[in-house]
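Asker: Sharing a structure with you now.
What follows is calculated from the coordinates using simple rules that are stated; it is not laboratory data. Here the structure is a predicted model, which is why all the values come from computation and not from measurement. In this analysis, Cβ positions are derived from the backbone assuming ideal geometry, glycine residues included, and neighbour counts consider all displayed protein chains.
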Amino acid sequence: MALQSTEPLPRNYPLGEYVIDHSIGGGGFSLVYLAYDDRGQPVAIKEYLPGGVVGRGKLGTVHPISDDKEASFRYGMKCFFEEGRALAGIHHPNVVRVTNFFRANDTVYMVMKFERGKTLQRHITSLKEPMRESFIRSVFVQLLNGLREVHAHKILHLDIKPSNIYIHADGSPVLIDFGAARHALTYDFQAGTPMYTPGFAAPEQYNQRERQGPWTDIYSVGATLYACIARVPPPPADQRLDKDKLIPVSKSHAGLFSNDLLELADFMLRLNYTERPQSVFAVQKRLVEMAQASREHRPSLLALIRSRMKR
């Protein structure tokens, strides 16, 4: 059977108990579809489809493009399936809910709750004024709640960035699009598309896989925090290792946000992983302390009225 490119499955394609509507995203190793279950409810389905490694047959099946890709493809698929199983055990309001995972078309699919809202990336680009610090603190405290649960299940996200964070209408965030087979893909072969996002990926994601840990996701959270402050991502970590041109936000944005928030972003973006916060809890604790300090220094309504009466 002649192989085609890794194009998406077509509209109305039947996939088990689901029907594909259309592709809504994807990255270097997967495609994500909007689909509907047998009750007509929308779901998001991620298909394991590493670019530069596989092709798609006419009936939707997936095959490695060459014999030398076979072992890595199978190992990556195994990792993807096992991570789907692990994520299905996580029930947290700030982490995307995995409801099913199954094999079909000679690959693996992960079914997730379809999240409504807009990404943090869209929120950043739509604002004309600096983002409110209280909003930033609220989003990141909740986001870190979810990430703590993920790390407690011995999973690393490995692709935290503004476009992988959904913001609901009530302002609550949901972490989506986990790295799944990224470990296997980056370790076993060089795929055509990078398996990390420049600017948000930690230095150890480039060539020090054995040094990855919670601090790796913490770098990405720091880069996301930087993007909320500066509206652009920091320079890619590999470029920073060669010649670090990053101006700390504690200098570039002094006076626009609290010193504590700016210094925290700089702390999380340290190139040496041992110099960053080592746990999500440590970062979250500092954000909560900032919020408490802000409330303590905010004058009460009664105090404001009294001060105006004295004028």
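Asker: Test of understanding: ordering K69, K245 by Cβ neighbours within 10 Å, fewest first, what list do you get?
Answerer: K245, K69
Asker: For helix 214-230, report the angle its Cα long axis makes with the longest principal axis of the Cα atoms of the chain; keep it between 0 and 90° and round to the nearest 10°.
Answerer: With both axes taken from Cα atoms, the answer is about 60 degrees.
Asker: Kindly state, to the nearest 0.05, the FRET efficiency for Y206 paired with T125, given R0 = 25 Å and r defined as their beta-carbon distance.
Answerer: The computed FRET efficiency comes out at 0.40.
Asker: So what is log10(I(q)/I(0)) for the chain at q = 0.09, 0.12, 0.13 1/Å, when the Debye sum runs over its Cα atoms only?
Answerer: So the normalised log intensities are -0.50, -0.83, -0.96.
Asker: I've got another one for you. Per DSSP helix of 4 or more residues, -39500 (n - 2.57); summed, then divided by the residues of the chain. What does that give at 222 nm, rounded to the nearest 500?
Answerer: Result for the chain, helices only: -11500 deg cm²/dmol.
Asker: Within the set of other residues whose C-beta is less than 14 Å from the C-beta of P277, count the net charge using Lys and Arg as +1 and Asp and Glu as -1.
Answerer: -1
Asker: Can you give the local net charge around Y109? Use residues other than it whose beta-carbon is closer than 10 angstrom to its beta-carbon, Lys and Arg +1, Asp and Glu -1.
Answerer: The answer is +1.
Asker: Could you rank the peptides 25-38, 198-211 by their average count of other C-beta atoms within 10 Å per residue, with the highest value first?
Answerer: Descending mean neighbour count gives 25-38, 198-211.
Asker: Local charge sum around S126 (other residues, Cβ-Cβ under 12 Å, Lys/Arg +1, Asp/Glu -1)?
Answerer: +3
Asker: Further, regarding this structure: To make sure I understand, if each residue's beta carbon is the centre and we count other beta carbons within 10 Å, what order do D217, D244, D21 fall in, fewest to most?
Answerer: Fewest to most other Cβ atoms nearby, the residues stand as D244, D21, D217.
Asker: How far apart, in nm, are the 7 Å Cα→Cβ label points at V232 and E70?
Answerer: If labels sit at V232 and E70, their model points lie 4.8 nm apart.
Asker: Let me make sure I get this right: for region 14-113, a, b and c are the square roots of the gyration tensor eigenvalues over alpha carbons, sorted descending. Under 1.5 in a/c it's rounded, otherwise prolate if a/b > b/c, else oblate. Which is it?
Answerer: oblate
Asker: Right, here's the next one. Please give the peptides 129-141, 50-62 ranked by average Cβ packing (other Cβ atoms within 10 Å per residue), highest first, as a rough proxy for protection.
Answerer: 50-62, 129-141
Asker: Among all lysine pairs in the chain that are eight or more places apart or on different chains, how many have alpha carbons less than 25 angstrom apart?
Answerer: Step by step, the pairs that qualify in the chain add up to 25.
Asker: With axes computed from alpha carbons, what is the tilt in degrees of helix 259-268 against the longest principal axis of the chain, rounded to the nearest 10 within 0 to 90?
Answerer: 30 degrees
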